[in-house]
1. Can you pull out the residues in the range 88-119 that are over 29 Å from residue 157 (Cβ atoms) and assigned to a loop (DSSP other than H, G, I, E, B)?
2. Exactly one condition in (1) among the hydroxyl-bearing types (Ser, Thr, Tyr); (2) buried (at least 22 other Cβ atoms within 10 Å of the Cβ); (3) within 16 Å of the ligand (Cβ to nearest atom) is not met by residue 231; state its number.
3. Among the residues of the range 19-42 satisfying the criterion of being part of a loop (DSSP other than H, G, I, E, B) and touching a residue at least 40 places away in the same chain (Cβ under 8 Å), which is nearest to the ligand (Cβ to nearest atom)?
4. Would you pick out the residues in the range 200-223 that are closer than 23 Å to residue 79 by Cβ and not in a loop (DSSP other than H, G, I, E, B)?
5. For the range 140-167, which residues satisfy the criterion of being within 16 Å of the ligand (Cβ to nearest atom) and among the basic types (Lys, Arg)?
6. So which of 129, 101 ends up being closer than 21 Å to residue 165 by Cα and in contact with a helix residue (DSSP H, G or I) (Cβ under 8 Å, 6 or more places away or on another chain)?
7. Could you identify the single residue in 49, 58, 45 that is assigned to a helix (DSSP H, G or I), touching a residue at least 40 places away in the same chain (Cβ under 8 Å) and either touching a Lys or Arg at 6+ places or on another chain (Cβ under 7 Å) or buried (at least 17 other Cβ atoms within 10 Å of the Cβ) (or both)?
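The values are calculated or read from the model by the stated rules, or taken from the named source; none is laboratory data. This structure is a prediction, so every number in the text was calculated from the model and none was measured. So basically every Cβ, Gly included, is an ideal-geometry build from the backbone, and we count neighbours across all protein chains shown.
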Amino acid sequence: MLVDTHCHLNFKDFKDDRDEVLKRSLDNNIWVINVGSQLSTSQRAVEIAEQYDEGVYAIIGLHPIHLYPQHVDEPEQNLDFDARAEKFDKEAYKKLAESKKVVGIGEMGIDYFHMPDGYDEQEVKNYQKQVFLQGLELAQELDLPVTIHTRPSKNSFDAYDDVLEVLEKANYNKCVVHCFGGNIQQAKRFLDMGLLLSFTGIVTFKNAPEIQEIAKITPLEQMMVETDSPYLSPEPNRGKRNEPSYTQFVAEKIAEIKGIEFSKVADATTNTARKFFNI
Ligand SMILES: [Zn+2]
């Protein structure tokens, strides 16, 4: 068994065949946690989860990319949408969290890769940190874990340091850094704080030696696996639409990197995910 701890079957990419994709995943014994990026996709993640007795869950939150109006277009990541500048409506998320299927807050965090045009850079950064802190406070209030999104500006690791700064301020470590892409020193700092790191299909890419090194040094009990579907499809499906059943390829690669059996990675990451998200 595996748990895809971060995917987006709630996104429009899956509107025509979501049930089939979910069935394929559950038939392969892979549980699925759909993650919201704003209120509407968070609501959809909850609706989907409520259709299943077991194996499908939701995480709700406001992604930093949605804090300002901007057109996001990044073909190599299959990203193409308009962000509409949403305020973090804590009460609305709190209400949504009344569903038993909500197992975490996220994805929230810091994204300096997509900065809106026409705004002061420092102001945008401060606002992102402020909203991230509000998400951490909500999670603390509800005693839920947090899925953290972090994307630095080009050729930089800056956003990871700022995430660490906010985490220290909030003094909350029941968090996972999803799709970890910082450097080794930063990875060690997160691990020392007791956070979890989560790995996507990037770990299978030939041009990602640093992520592979980080996967190698991350203790099994502090790591989880995910797909971030529809994005970041692992080898051998790189470039195609990703789906939760491909979590298998991520876990297989981690087993290869660590030089251990696949079943060890599957058991450990599944246990960690079930404990972390209380599922
Ligand atoms: Zn995501």
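1. 89, 97, 98, 99, 100, 101
2. (2)
3. The first filter runs over the range 19-42 and keeps only residues part of a loop (DSSP other than H, G, I, E, B), leaving 28-29, 36-38.
From what's left, touching a residue at least 40 places away in the same chain (Cβ under 8 Å): 28, 36-38.
Working: 28: 21, 36: 9, 37: 7, 38: 12 Å.
Taking the candidates together, the pick is 37.
4. Kept after step one, since they are closer than 23 Å to residue 79 by Cβ, are these residues of the range 200-223: 200-208, 210-211.
Residues satisfying the conditions are 201, 202, 203, 204, 210, 211.
5. 151
6. On the way: 101 fails: closer than 21 Å to residue 165 by Cα.
Going through 129, 101 in turn, just one is closer than 21 Å to residue 165 by Cα and in contact with a helix residue (DSSP H, G or I) (Cβ under 8 Å, 6 or more places away or on another chain): 129.
7. Details: 58 fails: assigned to a helix (DSSP H, G or I); 45 fails: touching a residue at least 40 places away in the same chain (Cβ under 8 Å).
After ruling out the rest, the residue left standing is 49.
Per-residue answers, yes or no, for (1) crowded, with 18+ Cβ neighbours inside 10 Å; (2) touching a helix residue (DSSP H, G or I) at 6+ places or on another chain (Cβ under 6 Å); (3) free of Cβ contacts under 8 Å to residues at least 24 places away in the same chain:
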position: 188; (1), (2), (3): no, no, no
position: 193; (1), (2), (3): no, no, no
position: 217; (1), (2), (3): no, no, no
position: 227; (1), (2), (3): yes, yes, no
position: 246; (1), (2), (3): yes, no, no
position: 254; (1), (2), (3): yes, yes, no
